[in-house]
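Rule-based calculations on the coordinates, nothing more; no lab input. Model, not experiment: these values are computed from the prediction. Virtual Cβ from ideal backbone geometry, glycine too; neighbours counted across all protein chains shown.
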There are 2 protein chains.
Amino acid sequence: MYTVKGSIWIVSKSGTFIGYGRAILLERIKEYGSISEAAKSMKMSYKHAWEMIDSMNKQSKTPLIERIAGGKGGGGTKLTPEGDKVLKKFWELYKGFEKFNASASSKLKF
Amino acid sequence: MYTVKGSIWIVSKSGTFIGYGRAILLERIKEYGSISEAAKSMKMSYKHAWEMIDSMNKQSKTPLIERIAGGKGGGGTKLTPEGDKVLKKFWELYKGFEKFNASASSKLKF
């Protein structure tokens, strides 16, 4: 019984733009409204999370996340429309890849 | 300009069965008729090459390579029909994956 496994990511000329880890980070930022909470939930340092975000922002026409000016709640961080678009595109790609793997797995007979 | 990149391999319940590196190793064994020459051509130790082959053999119904009894030429190593079949299947999968990536890349517009 064999199964196809794999990994997929999107690159620009500067390197990795978005892969599974970065997509999860963006999801968590959406969920928590905070980079530090998002990083904590992934057992990742704030520095590492920030470097990933900075890398994505620099490879994108417009930034993927934005700071919300602090009011009563002390502000926070949210995805820009561009961030939402990139995330949606990545999950579309990821689902297509999962389909490809499932179909390829079903064809494996050695 | 974004591009989809990825990696793909086949697993059994015991772990990795075959991926790109192991496929190239089998190709080189076909080419050189020798595990040590194949390993050398990949700047890989004989031990590492042998461990990869041993791992593949153990996960397969029948071994993927066989020793040719030494005659004048001193014998050698060649792929069994099962080895050829596995290699063919892997390259089919790999080509399908390359197609998937090219098609997905062409759909990326951020």
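A few comments on the model shown:
- Over segment B:12-106, the alpha carbon radius of gyration divided by the compact-protein estimate 2.2 N^0.38 Å works out to 1.19.
- Ordering A:Arg67, B:Arg28 by the number of other Cβ atoms within 10 Å of each residue's own Cβ, fewest first, gives A:Arg67, B:Arg28.
- Other protein chain C-beta atoms within 10 Å of residue C-beta, averaged over B:2-15: 6.
- Using a cut-off of 30 Å between Cα atoms, the listed pairs A:Lys107/B:Lys58; B:Lys43/B:Lys85; B:Lys85/B:Lys109; B:Lys13/B:Lys47; A:Lys40/A:Lys85 include B:Lys85/B:Lys109 as exceeding that distance.
- Net charge dipole size for the protein assembly as shown [Lys, Arg +1 and Asp, Glu -1 on Cβ; Debye, nearest 20]: 200 debye
- Extension gain for the segment B:Ser103 to B:Ser45, taken as residue separation times 0.36 nm less the Cα-Cα distance, is 17.1 nm to one decimal.
- When the P(r) of the protein assembly as shown is calculated, the portion above 32 Å amounts to 39% of the C-alpha pairs.
- Per-residue average of Cβ from other chains inside 10 Å of A:93-101: 4
- Charge dipole of segment B:12-106 (Cα centre as origin; +1 on each Lys and Arg Cβ, -1 on each Asp and Glu Cβ, all else neutral): 80 debye, rounded to the nearest 20.
- CD proxy at 222 nm, helix term only [per DSSP H run n ≥ 4: -39500 (n - 2.57); per residue of chain B; nearest 500]: -18000 deg cm²/dmol
- Eligible aspartates and glutamates near A:Lys78 by straight Cα distance, threshold 12 Å, same-chain separation 8 or greater: A:Glu27, A:Glu31, A:Glu66
- Simple spin-label estimate for B:Ser14 and B:Asp54 gives 1.1 nm between the two label positions (7 Å along the Cα-to-Cβ direction from each Cα).
- Cα-based shape type of segment A:1-67, given that a ≥ b ≥ c are square roots of the gyration tensor eigenvalues and the cut on a/c is 1.5: oblate
- Under 12 Å, Cβ to Cβ, from B:Pro81 - net charge with Lys/Arg +1 and Asp/Glu -1: +1
- Virtual spin-label span in nm between A:Lys61 and B:Ile68, 7 Å along Cα→Cβ: 5.9 nm
- Listed residue (B:Leu79, A:Ala104, B:Ser41) projecting farthest to the positive dipole end of the protein assembly as shown, Cβ model: A:Ala104
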